[in-house]
Amino acid sequence: MMLPIWEATNGRYGYISGQLDPRLITEAEKMIVDAQELRSIAPNVMVKVPASTQGVEVVKVVTSMGIPTNVTTCFCLPQIWAVANAAADGLKIATKNKVDTSKWRAVITMMIGRLTENAALDEQAAKRGIALSWADKHWWASTCSAARSLC
């Protein structure tokens, strides 16, 4: 259903995400093989990769193959930096190997909302003597608003 949109926009829009098996979160080699298999389904498949340590390495490898990624289970800024750096490294390898990345895309899905609405976050903070305000848990909302006002 999305492929005609992908084709009409020359790969700008119309991607769908195919998720790697979450049970393989620590098995980089298996995730890489599965990512290649998912991508072979259609040219508009973007592979969902977990932001685990091994998943970050998977991003580097599959990016070097020109496979688009959507990184999930990402909860903190260090994960975002690690994924971004892995993608950049993968792009360098792709360029060196003359891999076509003209339709390569990357998405990092920041899942902080899942934490901020979970009582466990408040419980863990309280155990450490920290009282989290709404603003503490939703800092991204004010950050996004401030960033939009600069554009």
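Among the residues of the stretch 117-129, at least one is of a type in the set (A, V, I, L, M, F, W, C) and at pLDDT 85 or above. Residue pairs whose Cβ atoms lie under 7 Å apart, separated by 6 or more positions or on different chains, with the first residue in the stretch 23-48 and free of Cβ contacts under 8 Å to residues at least 24 places away in the same chain and the second in a helix (DSSP H, G or I) and surrounded by fewer than 17 Cβ atoms within 10 Å (Cβ to Cβ), are L24/K30.
Restricted to the stretch 32-54, and to residues there that are in a helix (DSSP H, G or I) and more than 21 Å from K103 (Cα to Cα), the residue that is most open to solvent (accessible area, probe 1.4 Å) is T53. Remark: pairs (first residue in the stretch 86-98, free of Cβ contacts under 8 Å to residues at least 40 places away in the same chain and crowded, with 18+ Cβ neighbours inside 10 Å; second residue of a type in the set (S, T, Y) and part of a loop (DSSP other than H, G, I, E, B); Cβ separation under 7 Å; 6+ apart in sequence or on different chains) = L91/T101; A94/T101.
The values are calculated or read from the model by the stated rules, or taken from the named source; none is laboratory data. Here the structure is a predicted model, which is why all the values come from computation and not from measurement. Because the Cβ atoms are built from the backbone with ideal geometry, glycine has one as well, and the counts that use them run over all protein chains shown. These accessible areas exclude ligands, DNA and RNA; they are computed on the full protein's heavy atoms, side chains included. Shrake-Rupley method; radii C 1.70, N 1.55, O 1.52, S 1.80 Å.
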